[in-house]
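These notes are about the structure you will find just below.
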Amino acid sequence: MEVVKIILENEGMDVICKTDIKSIDEVVKINPDLVLLDLLLLGHSGDEICAMIHGDKRTKDIPIVLISAYNLSKVRDLTEKCHAEAYIQKPFDMDELVDKVKYHLS
């Protein structure tokens, strides 16, 4: 995720990287405009965290973009299952990353 952080910071965005979210209160405290979420994380899976974020009234409107190296069919299914707004397939194109983030921030 360090590469993603550098790319987005070069676009003028403020980026906070977390390797795991243990509770919804962490998300509430950060109050992000968007969550870019890898499906493979320590502790909880990305789709579990996505469902947790969208299942809470305080964070349900935060757009989530999933990132994964899973096969495209699985990523699409998980994106739909946890109600993420979009996904980016690894390896990703830098322009696609920036475009999707900007789109969901607007």
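Any idea what the dipole of region 36-84 comes to, in debye rounded to 20, about its Cα centre with Lys/Arg Cβ at +1 and Asp/Glu Cβ at -1? Write out the running numbers ahead of the final one.
Values: 6 positive and 7 negative charges, 20 e Å.
Dipole of region 36-84, to the nearest 20 debye: 100 debye.
Charging the Cβ of each Asp and Glu at -1 and of each Lys and Arg at +1, and nothing else, the dipole of the chain about its Cα centre rounds to 300 debye.
Give the relative contact order (percent, whole number) for the chain; include only Cα pairs under 8 Å separated by 6+ residues.
Numbers: 129 pairs, mean separation 25.1, N = 106.
Computed over the chain, the figure is 24 percent.
Partnerless cysteines in the chain, where a partner means another cysteine C-beta under 4.7 angstrom, comprise C17. Expressed in Å, the radius of gyration and Dmax of the Cα atoms of region 1-94 are 12.6, 33. In a fully extended conformation the segment linking V15 and Y103 would gain 30.1 nm over its present Cα-Cα distance, using 0.36 nm per residue.
Suppose we flag trypsin sites (Lys or Arg not before Pro) only when DSSP calls them loop and at most 12 other Cβ atoms lie within 10 Å. Which is the longest uninterrupted stretch of the chain?
Working: sites that count: K22, K57, R58, K60.
Result for the longest clean stretch: 61-106.
Under the simplified labelling scheme, the N71-D93 pair shows an inter-label distance of 2.3 nm, with each label point 7 Å from Cα along Cα→Cβ.
When the helices of the chain are scored as -39500 (n - 2.57) per DSSP H run of n ≥ 4 and the total is divided over every residue, the value at 222 nm lands at -12500 deg cm²/dmol.
Readers should treat all values here as calculations from the given coordinates under stated rules, not as data from a laboratory. Please read all numbers here as calculations on a predicted model, not as lab measurements. Don't worry about glycine lacking a Cβ; one is built from the backbone with ideal geometry, like all the others, and counts go over all protein chains shown.
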